[in-house]
1. Checking the condition touching a residue at least 40 places away in the same chain (Cβ under 8 Å) and either touching a Gly at 6+ places or on another chain (Cβ under 9 Å) or not assigned by TED's automatic domain parsing to the domain that holds residue 70 (or both), which residue from 127, 170, 179, 88 passes?
2. Do the conditions hold for residue 231, that is, is it surrounded by fewer than 21 Cβ atoms within 10 Å (Cβ to Cβ), modelled with pLDDT under 95 and hydrophobic (A, V, I, L, M, F, W, C)?
3. Looking only at the stretch 197-207, decide whether some residue is at pLDDT 95 or above and small (Gly, Ala, Ser).
4. Name the pairs whose Cβ atoms lie under 7 Å apart, with the first residue in the stretch 187-203 and without any contact (Cβ under 8 Å) to a residue 40 or more places away in the chain and aliphatic (A, V, I, L, M), the second buried (at least 23 other Cβ atoms within 10 Å of the Cβ) and not in a strand (DSSP E or B), and 6 or more positions between them or separate chains?
5. Do we have residue 224 as modelled with pLDDT of 95 or more and either within 27 Å of residue 119 (Cα to Cα) or not assigned by TED's automatic domain parsing to the domain that holds residue 112 (or both) here?
6. When you check residue 91 against the structure, is it among the charged types (D, E, K, R) and either out of contact with any Lys or Arg (no Cβ under 7 Å at 6 or more places or on another chain) or buried (at least 18 other Cβ atoms within 10 Å of the Cβ) (or both), yes or no?
7. Among the residues in the stretch 175-192, are any closer than 19 Å to residue 118 by Cα, part of a strand (DSSP E or B) and over 16 Å from the mean Cα position of the chain (by Cα)?
Amino acid sequence: MTKTLTRIVLLTLMASIALSCKTTEKPAATLPAKPSPAPTSQTIQTQDKSLFPIINESSRWGFMDETGQVVVEPRYAFVDVFTEGLARVKRDEMWGYVDVNGKEVVEPKYERARRFADGLAAVRVDRKYGYIDRSGTMVIPPQYSKTAQAFSHGLAAVPDSTKKYGFVDRTGKLIIAHRFNEVHAFSEGLAGVAENDKWGFIDTTGNWVLGPQFVWADKFADGYALAHRHAAACGLRSD
């Protein structure tokens, strides 16, 4: 518990202190100095190529490689960036996926499709979301509303009929019961979740690591998470 507490940045100022943010006083909280994260890339790096979305004069989309060579001729209504070696593509109002060689590994047949994360992607069939693997096999049948989240740490947050969130594993088995009003995906082994409108952090077994006590909490990143004990708070800085 002590270890976790030292990793969490709490903004605990009351409304009266928050008003001082309008002055030239120092910020309410300062994070320890740490290296800036590496720039994120919106392409998938392979051993010998990267692919980039392109669009032609007819508003059709395709992909080119880093030399400018067209790998996928513009024929789609839309294409997305690559994640985990696959990119979403839209054709005739339906969604599928192509790989970095331009091969259509999952034909466009879904009403909606999301990016791959943790080896699975949420797709919509008959207005319900399920999850497919990279081969296009439906591993969790469509049964969830649009608020079903991406997988991380082998778990995904999904709602039940009462709009309470729980977490399922990659087979669709419920691992953490539906009891949360709001959730974040797992990051660095913990997930911020809200129960009875108070946020805390759970581990991948569903046990509280830091019980519900915040009005809001964010994901962990580089060992830190931002949380508010009170609705009014000043800002913080990382330098």
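The values are calculated or read from the model by the stated rules, or taken from the named source; none is laboratory data. Given the structure is predicted, the values throughout are model-derived calculations rather than measurements. Cβ: placed from backbone, ideal geometry, glycine included. Neighbour counts: every protein chain shown.
1. Numbers: 127 fails: touching a residue at least 40 places away in the same chain (Cβ under 8 Å); 179 fails: touching a residue at least 40 places away in the same chain (Cβ under 8 Å); 88 fails: touching a residue at least 40 places away in the same chain (Cβ under 8 Å).
After applying the criteria, what remains is 170.
2. Here the answer is yes, as residue 231 does meet what is asked.
3. Looking for residues that are at pLDDT 95 or above and small (Gly, Ala, Ser), one finds at least one in the stretch 197-207, hence yes.
4. Going by the 7 Å Cβ cut-off, there are no qualifying pairs.
5. Taking the combined requirement at face value, the residue does not satisfy it.
6. Yes: the conditions hold for residue 91.
7. yes
Per-residue answers, yes or no, for (1) in contact with a Lys or Arg (Cβ under 7 Å, 6 or more places away or on another chain); (2) within 28 Å of residue 187 (Cβ to Cβ); (3) among the β-branched types (Val, Ile, Thr):
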{"residue": "77", "(1), (2), (3)": "yes, no, no"}
{"residue": "80", "(1), (2), (3)": "yes, yes, no"}
{"residue": "96", "(1), (2), (3)": "yes, no, no"}
{"residue": "114", "(1), (2), (3)": "no, yes, no"}
{"residue": "132", "(1), (2), (3)": "no, yes, yes"}
{"residue": "138", "(1), (2), (3)": "no, yes, no"}
{"residue": "153", "(1), (2), (3)": "no, yes, no"}
{"residue": "157", "(1), (2), (3)": "no, yes, no"}
{"residue": "169", "(1), (2), (3)": "no, yes, no"}
